[in-house]
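The values are calculated or read from the model by the stated rules, or taken from the named source; none is laboratory data. In this text, all values refer to a predicted model and were calculated from it rather than measured experimentally. Note that each Cβ is placed from the backbone with ideal geometry, even for glycine, and that neighbours are counted across all protein chains shown. These accessible areas exclude ligands, DNA and RNA; they are computed on the full protein's heavy atoms, side chains included. Shrake-Rupley method; radii C 1.70, N 1.55, O 1.52, S 1.80 Å.
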Amino acid sequence: MDARGTDTRRRRVRGPGGEGGTALARIALLALSACVLVPLVAAGLRSVLWALTGIAGLALAAVGVWWALAHTGVVRIVGTALSVAAPVTVLALYATAGLLGPALLSSGLLVLAVVAARWALAPAPTPYEEAAGTPCHPWVLMNRRSGGGKVDRFRLVDKARAAGCRVHVLGPGQDVTALARQAVADGADLLGVAGGDGTQALVADVAARHEVPFAVIPAGTRNHFALDLGLDRDDPVAALEALTGGVEIRVDLGYAADRVFVNNASFGTYAAVVNDPAYREAKARTVLQTLPGLLTGDSASALRMTANGRHIAGLQALLVSNNPYGRAVDVSHPGRRGRLDTGLLGVACVRVAGTAEAARLASRPHSGGLVRLTADEVLVETDTATMPVGIDGEYVVLPCPVVCRSAPGALRVRVPRHRPGGSRSPGPTADWPRVARLALRRPVGGNEMERHP
C-alpha cells in the first residue's frame with residue numbers, strides 16, 4: 001500500500017502502437033502522399049504557385065479576422081469583408097483554372113492524414129480502476145438551476161434519496177465549500193455533486209482534502225469534467241450508480257493559487273469577457289464590444305508566463321488546464337482531455353500583437369503565436385496587483401503573481417462500471433517522424449510504461 005492507502009500493483013498501460021495504430025499510421029502516410037500528388041498530377045509544377053496562392057489567402061483572411069476583433073468602426077468592417085473575400089477569391093481563382101476539384105480533394109486528404117496520424121499516436125486512456133464498495137452515508141449536493149433544470153427534469157433528488165443518499169438542494173447564496181465540509185463532519189463517506197463544473201470543483205477540493213470519494217452527476221450545462229471521465233452527459237441518472245457502487249479511479253486536481261479547478265483556469269481576454277455582466281445574456285455582442293480594448297487598447301492585458309524554465313511575455317490569453325487537452329480550439333472550448341491522471345498541467349498561450357503576427361499564425365501555425373506545452377507548475381504574472389481569472393468558467397480575482405500547480409492523484413472519483421467514454425482520445429499534434437516509424441512497425445518510444453496508481 002502507498003501513502004494514499006491504495007493498492008500499488010503495477011499495471012501496464014499501452015502507448016501508441018498495436019495493429020490499429022499501425023494501420024492508422026499507414027493510412028495517414030498514404031493520405032499525406034496523395035494530398036501532394038493530386039495537385040502535382042492536376043497542375044504539374046504550377047501547383048506550387050497555386051499552393052502559395054492558397055497560403056496567401058489564408059494569411060489575408062487571418063489579417064481580416066484580426067482587424068474585425070481588435071478594432072472598431074471602418075477598420076472592423078474592412079476586416080470582416082477581407083476575412084470573407086480572401087478565401088472566396090482564392091476559391092474563384094481555383095475554379096477559373098479548373099483546379100477547384102483537385103484543391104478540395106487535396107485539402108480533404110490532408111485533413112484525413114492529420115486525423116489518422118493523431119489517432120494512431122493516441123495513448124489509450126486506461127486509468128487504474130478498482131471495485132468500490134457501497135458507501136454507508138453518501139451525501140449529494142444538487143443545484144436545481146444548473147443545466148436548465150436537469151435536476152428536476154430527471155427527478156434526480158427523488159432517485160438519489162431512493163438510493164439511500166442524503167441530498168442537499170443548493171439554495172441562493174449558500175457556501176458550497178462550507179456545506180461539503182459540514183457533510184464530512186456529519187459522517188458522509190462519499191460526496192457527490194449534481195451541478196456545473198464550478199460547483200463540482202469546490203466539492204472535489206473538500207473530498208480530496210478529507211480523502212473521501214467523489215461522484216459526478218452531469219446536471220450542468222457543459223459538464224466538461226464529466227465528459228472526460230467518460231460519463232454520458234445526456235443521461236445523468238446513469239451516473240447515480242456511482243453513489244452505491246461502481247468503480248473508483250484516481251485523477252488529478254489543478255490549483256490556481258488556492259483556487260481548485262477540475263478543468264481549466266483562463267487568464268487574459270476570456271477571463272475579462274466573462275466578467276462583463278452582459279456576457280451571459282448576449283455573448284457574441286459582448287465579445288465584439290470588449291475585444292478591441294482587451295487586445296490592443298488601454299485595457300489590454302500584459303500577461304507573462306513561466307513554465308519549465310521558459311518565459312513568454314506579451315500574451316493576450318493563457319489557458320492552464322488540469323491535464324493537457326487533446327486539441328486546441330480556443331480558450332473557452334478547448335476540446336477534450338485523453339487522460340486525467342498524467343500529473344501535468346496543459347498550457348496554451350496566445351500571442352498576436354498585430355496584423356503581421358496574425359498572418360504568420362494562419363500560414364505558419366508553429367510561428368510562435370500559439371504555444372502549447374505541459375508543466376507541473378506555471379507562474380502567471382501581470383503588471384497589476386490583481387488579475388481576473390476564469391476558474392472552470394467562473395470569474396474570480398486573484399492576487400499577482402498566480403502560481404498554478406497540479407496535485408497528482410489527489411481525487412478519488414467514483415464512476416459507473418459501464419460508461420460510454422472509454423475510447424481513446426486523439427493526441428494534440430501529428431508527429432510525422434513517429435507516424436512513419438509506427439507505419440514501418442519500428443519502436444515509437446514510450447511504447448509501454450509502468451503506472452503506479
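The residue list Leu49, Leu60, Leu82, Leu69 contains one member that is free of Cβ contacts under 8 Å to residues at least 12 places away in the same chain and open to solvent by 30 Å² or more (accessible area, probe 1.4 Å), which is Leu49.
Taking segment 310-353 as the range and being assigned to a loop (DSSP other than H, G, I, E, B) and either at pLDDT 90 or above or among the hydroxyl-bearing types (Ser, Thr, Tyr) (or both) as the test, the residues that pass are Asn323, Pro324, Tyr325, Ser332, Leu340, Asp341, Thr342, Gly343, Leu344.
Residues that are in contact with a helix residue (DSSP H, G or I) (Cβ under 9 Å, 6 or more places away or on another chain) and at pLDDT below 95 within segment 371-411 comprise Met387, Pro388, Val389, Gly390, Ile391, Asp392, Gly393, Glu394, Tyr395, Val396, Val397, listed in sequence order. Just so you know, in segment 252-277 the residues that are assigned to a loop (DSSP other than H, G, I, E, B) and in contact with a helix residue (DSSP H, G or I) (Cβ under 8 Å, 6 or more places away or on another chain) include one that is modelled with the lowest pLDDT, and it is Asp276. For segment 5-26, the criterion of being under 20 Å from Leu104 (Cα atoms), at pLDDT 85 or above, under 30 Å from the mean Cα position of the chain (by Cα) and open to solvent by 50 Å² or more (accessible area, probe 1.4 Å) is satisfied by no residue at all. Across segment 412-422, the qualifying residues are those that are open to solvent by 30 Å² or more (accessible area, probe 1.4 Å) and either within 15 Å of Leu121 (Cβ to Cβ) or basic (Lys, Arg) (or both), and the one among them that is modelled with the lowest pLDDT is Arg419. Between a first residue in segment 129-149 that is over 9 Å from Cys165 (Cα atoms) and in contact (Cβ under 8 Å) with a residue 60 or more places away in the chain and a second residue that is part of a loop (DSSP other than H, G, I, E, B) and of a type in the set (S, T, N, Q), which pairs have beta carbons less than 6 Å apart while being 6 or more apart in sequence or on different chains? Note: pairs meeting the criteria are Thr134/Thr244; Gly147/Thr221. Examine segment 354-370 for a residue that is outside any loop (DSSP other than H, G, I, E, B), touching a Gly at 6+ places or on another chain (Cβ under 6 Å), at pLDDT 85 or above and surrounded by 18 or more Cβ atoms within 10 Å (Cβ to Cβ), and state whether such a residue exists. Checked against the condition, which is being outside any loop (DSSP other than H, G, I, E, B), touching a Gly at 6+ places or on another chain (Cβ under 6 Å), at pLDDT 85 or above and surrounded by 18 or more Cβ atoms within 10 Å (Cβ to Cβ), segment 354-370 yields no hits at all.
Among the criteria (1) within 25 Å of the chain's Cα centre (by Cα); (2) of a type outside the set (S, T, N, Q); (3) at pLDDT 90 or above, the one Arg166 does not fulfil is (1).
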